[in-house]
1. So, of the residues in segment B:373-389 that are of a type in the set (A, V, I, L, M, F, W, C) and closer than 24 Å to B:Asp10 by Cβ, which turns out to be farthest from the other protein chains (Cβ to nearest Cβ)?
2. Looking only at residues that are assigned to a helix (DSSP H, G or I) and in contact with a His (Cβ under 8 Å, 6 or more places away or on another chain) in segment B:51-70, which one is least open to solvent (accessible area, probe 1.4 Å)?
3. Going through segment A:12-57 one residue at a time, which ones are within 28 Å of B:Pro8 (Cβ to Cβ), at the interface with chain B (Cβ under 9 Å from one of its Cβ atoms) and not aliphatic (A, V, I, L, M)?
4. So which of A:Asp339, A:Asp367 ends up being over 25 Å from the mean Cα position of the chain (by Cα), within 30 Å of B:Cys59 (Cβ to Cβ) and not hydroxyl-bearing (Ser, Thr, Tyr)?
5. Does segment A:75-111 hold any residues that are part of a strand (DSSP E or B), away from chain B (no Cβ under 14 Å) and either farther than 24 Å from A:Gln172 by Cα or touching a Phe, Trp or Tyr at 6+ places or on another chain (Cβ under 9 Å) (or both), and which are they?
6. I'm trying to understand the selection: among the residues of segment B:88-127, which are of a type in the set (Asp, Glu), touching a Ser or Thr at 6+ places or on another chain (Cβ under 7 Å) and buried (at least 16 other Cβ atoms within 10 Å of the Cβ)?
7. If you check B:Val313 against the conditions, is it open to solvent by less than 10 Å² (accessible area, probe 1.4 Å) and either under 16 Å from B:Gly28 (Cα atoms) or within 14 Å of chain A (Cβ to nearest Cβ) (or both)?
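The values are calculated or read from the model by the stated rules, or taken from the named source; none is laboratory data. Bear in mind the structure is a predicted one, so any value in this text is a computation, not a measurement. As a convention, Cβ positions derive from the backbone with ideal geometry for all residues, glycine included, and neighbour counts pool all protein chains shown. Surface areas here come from the heavy atoms of the whole protein model, side chains and all, with no ligands, DNA or RNA. Shrake-Rupley method; radii C 1.70, N 1.55, O 1.52, S 1.80 Å.
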Number of protein chains: 2
Amino acid sequence: MFEMCDFPADIILHNNNKIVFVVLDGLGGLPLSKDGQTEMETAKTPNLDKLVAENVCGCFDPLLPGITPGSGPAHLTLFGYDALKLPIGRGLLEALGIDFKITPSDVCIRVNFCTLDKDGKITDRRAGRISSEENQRVLGMVRDKIKPPKGIQIFLETVSEHRALMVLRSDQLDDNVADTDPQALGVPPLEAKTHSGQSSRTTKIVNGLIGQTREILRDVDSPANFVLLRGFAKMQKMPSFQEKWGCKAGAVAGYPMYRGLARLVGMEVVAGPTEPKELARAAAKHLPDFDFLFVHFKYTDKKGEDGDFAGKVAQIEAFDAAVPDFVALNPSTLVITADHSTPAKLAMHSWHPVPVVIASELVRPDDVHSFGERAMAHGGLGRQLMINLMPLVLAHAGRLTKFGA
Amino acid sequence: MFEMCDFPADIILHNNNKIVFVVLDGLGGLPLSKDGQTEMETAKTPNLDKLVAENVCGCFDPLLPGITPGSGPAHLTLFGYDALKLPIGRGLLEALGIDFKITPSDVCIRVNFCTLDKDGKITDRRAGRISSEENQRVLGMVRDKIKPPKGIQIFLETVSEHRALMVLRSDQLDDNVADTDPQALGVPPLEAKTHSGQSSRTTKIVNGLIGQTREILRDVDSPANFVLLRGFAKMQKMPSFQEKWGCKAGAVAGYPMYRGLARLVGMEVVAGPTEPKELARAAAKHLPDFDFLFVHFKYTDKKGEDGDFAGKVAQIEAFDAAVPDFVALNPSTLVITADHSTPAKLAMHSWHPVPVVIASELVRPDDVHSFGERAMAHGGLGRQLMINLMPLVLAHAGRLTKFGA
């Protein structure tokens, strides 16, 4: 079982001090030209500027300097898990991405519809990127007819286009199964085997299901006439957020991936709005029930991924307008940070460090007065690894006691 | 085999983005009096100031805060190896220092000429610090007459004064041999033994060679009438720079130690000028053949070691004049940094952190505008460990992809 190796668990206190932990997805950015301003620096953010001026801030590396994280590892790190040692398999990520309620006995599998010719050889590994509707239709046929072996439950869920999720649920399954996708055309799909090339109970079950699927789709009127299976993955065994940090944790998140990631660490997902004011309202409603409330705002990342600099600026400003509502919750500690940078200039995630502000009665204030990457790089928290954030947050909330005497 | 434990190797991309990595040896300094300026701060460096102003900088600790590195560990860390876990034995360092072409089957040994009295007891552990010419003369006598056992090659090379290098080459040797130098006068040299005091094939061979040397030098007309052997060392098994970082790497370095260190990690040493403009010219010539070009400038360290503050300032200014030539190479990423500080005030290496500037289209600019330790301590890269530099450099060169999804 994974544990953050150096953290002394016995210093965690249990009390009623509340933490509101707001993630502005992909917040960090870059100027479009080197002499320009970033999205954060461009945005007019009087409320965030005030929060920064009165509290302590810094710039944190999501994983390690230079490493660009996906959403999964980035959030696990925010939650205080060492994500580099805790890889999330593709099947699991697919399940999280559609907010499928995973249990520890599930094997999650990414399914790609593909096209086979009459000789059973692959002609298109993505079945011509069929529509999500076509995916639902064909997957429905499989779901209706497939008969899992006794003691095994099977779940089949459309993701989008040619992508789907298969989940096998039974206490005796393992995820040591290699992909059946040969990553090549003109050859037949592979049989399921273990990574060491052996057969096993799970691979036999998978091959049985693949065989049934072949029969069910033999005469289907669709380019999606077979499936390739990838990324067999069970949940990592890891302590829940509550076990790890002594906080009963809830999540307010509208997007499935983040709801899934919150559930992965045992948070209760209580609401799913997406607009800043709605997020604050949901936080106000549910904060009484939790010690720690994770609030996820997606649109900063979305505009960054779109390469829409002005749109990202506007979303930062829209969030700024809701900041007084979060401050009004009056938690012991309010954190505003990001999972990673998504500069509109790059239209994708990047490795650049992300701004963090910790607001609490217990901060040692610094002399930073504006909510921007360059300014916050001079903050009192300095530049450090994101894995350090959770202990800092707990400390500022009075939820850690002295180590040693 | 050593690996930087946490770096996920599968995120490394292979593309044509070039990196020019310039090391100004011993660049970091100190003011001569506390209210003064450092060498860097004193030097007029308009080109470096511009590079800093347009890009991102920081101050990095070579190994760990407070630890002064030798050239070997400092360069290994620059190249992204965890030098604290990768000790370079003294014999190996001696071989690197004279640019001896080491192979993995070599045992490298530091040889000190010493003086024995007629009873075979040591009267001078350094043979009166004989001249290098005398060393060559006496070592030549040994080289001419010594007969290594079958299957063993022996190399004997003068280093300087009383210092020499012995290399034994054979597939079946080990370096588990303790020093024969008793570190005391009035006693005879030690026999070769393993560190656990056992004999072994290698120690037997070494004792045979020591015996032959005693006979050869029995009647020599020189204070150098015997040898003490120290620091038996083979190459560490470690991944090459190319295996580790996915970059075909070349080196432009005029001084033997740095040529040797570059070769140790598998870089191809392509040129050996020493003057800044010549270094830039060599870089221009050879950059097309490599992904990563290490360029080493020695004189900043040399003047620091000499305690020559004004001389070091002049060398920094001389390098500054060549900066436009490096910028004109237009690599994806240009790095200018140092292996360690060598303040003229101390006339030796020190632990003080070293300036780093990363120039790339992908930097998040900071608000530092001058090339000096004090200014660059406020850079956007912050203060961090030098082991982080290589991942940051690869990221800025677009040679790393996302970790996880």
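1. We begin by selecting, within segment B:373-389, every residue of a type in the set (A, V, I, L, M, F, W, C); these are B:375-377, B:381, B:385-387, B:389.
If we keep only those that are closer than 24 Å to B:Asp10 by Cβ too, we end up with B:385-387, B:389.
Numbers: B:Leu385: 9, B:Met386: 11, B:Ile387: 9, B:Leu389: 8 Å.
By that ranking, first place goes to B:Met386.
2. Among them, the one singled out is B:Val52.
3. Listed by number, the residues that qualify are A:Gly28, A:Gly29, A:Thr38.
4. On the way: A:Asp339 fails: over 25 Å from the mean Cα position of the chain (by Cα).
The match here is A:Asp367.
5. Taking segment A:75-111 first, the residues part of a strand (DSSP E or B) are A:106-111.
Filter once more, so that each one left must be away from chain B (no Cβ under 14 Å): A:106-107, A:109, A:111.
The answer is A:Asp106, A:Val107, A:Ile109.
6. Of the residues in segment B:88-127, the ones of a type in the set (Asp, Glu) are B:94, B:99, B:106, B:117, B:119, B:124.
Still in the running and touching a Ser or Thr at 6+ places or on another chain (Cβ under 7 Å): B:117, B:124.
Within segment B:88-127, just B:Asp124 meets the criteria.
7. Numbers: open to solvent by less than 10 Å² (accessible area, probe 1.4 Å): no; either under 16 Å from B:Gly28 (Cα atoms) or within 14 Å of chain A (Cβ to nearest Cβ) (or both): yes.
Spelling it out, it is not the case that B:Val313 is open to solvent by less than 10 Å² (accessible area, probe 1.4 Å) and either under 16 Å from B:Gly28 (Cα atoms) or within 14 Å of chain A (Cβ to nearest Cβ) (or both).
Conditions (1) more than 14 Å from chain B (Cβ to nearest Cβ); (2) at pLDDT below 95; (3) farther than 23 Å from A:Leu64 by Cβ, marked per residue:
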{"site": "A:Asp308", "(1), (2), (3)": "yes, no, yes"}
{"site": "A:Ala322", "(1), (2), (3)": "yes, no, yes"}
{"site": "A:Val327", "(1), (2), (3)": "yes, no, yes"}
{"site": "A:Pro343", "(1), (2), (3)": "no, no, no"}
{"site": "A:His349", "(1), (2), (3)": "no, no, no"}
{"site": "A:Ile358", "(1), (2), (3)": "yes, no, no"}
{"site": "A:Leu362", "(1), (2), (3)": "yes, no, yes"}
{"site": "A:Val368", "(1), (2), (3)": "no, no, yes"}
{"site": "A:Pro391", "(1), (2), (3)": "yes, no, no"}
